[in-house]
Amino acid sequence: MDYLTAYRKRKENNHNVLMSVAEQLKAEGCKVYSTKCNKPRDTREYIIVEKDGKRNIVGFSEVPYRWYIGSSYSGKIAGLVGEDIYGFPFTVDEIIKSLVPITEKRDWFYVEI
């Protein structure tokens, strides 16, 4: 598999994982936001989770490959799970427990998913 094919496959996988996690979080009473996908091939790299006046970000960063909660540099960070799959290393409970009080509203940039 060439680099660009692998890159696209990884981005699509990560998008699908985030959308699955978003559905699980919504089932727990959270609101989930992200950037708008305008084109069929657009993918999301992070989601914003809110519940009870608290918020945090959950996402995937490319260099080096890692999932994170909060910040891709100083938040809760975990590497990839498995050799050939890009699984999700956090639980819904871990995400909900990580939420912090909202200090500033910036919803104009995001859409609810």
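The values are calculated or read from the model by the stated rules, or taken from the named source; none is laboratory data. Bear in mind that the values here come from a model prediction, so they are computed numbers and not experimental data. No Cβ is skipped: glycine too gets one built from the backbone with ideal geometry, and neighbour counts run over all protein chains shown. The accessibility values were calculated without ligands, DNA or RNA, using every heavy atom of the protein model including side chains. Shrake-Rupley method; radii C 1.70, N 1.55, O 1.52, S 1.80 Å.
Of note:
- Count of residues meeting criterion [of a type in the set (Gly, Ala, Ser) and in a helix (DSSP H, G or I)] in region 1-37: 4
- Any pair with Cβ under 8 angstrom, 6 or more apart, that starts in region 42-59 at a residue that is within 12 Å of residue 19 (Cβ to Cβ) and open to solvent by less than 20 Å² (accessible area, probe 1.4 Å) and ends at one that is at pLDDT below 95 and among the small types (Gly, Ala, Ser): 47/34; 47/59
- Verdict on residue 79 being open to solvent by 30 Å² or more (accessible area, probe 1.4 Å), in contact with a strand residue (DSSP E or B) (Cβ under 9 Å, 6 or more places away or on another chain) and on the phi > 0 side of the Ramachandran plot: no
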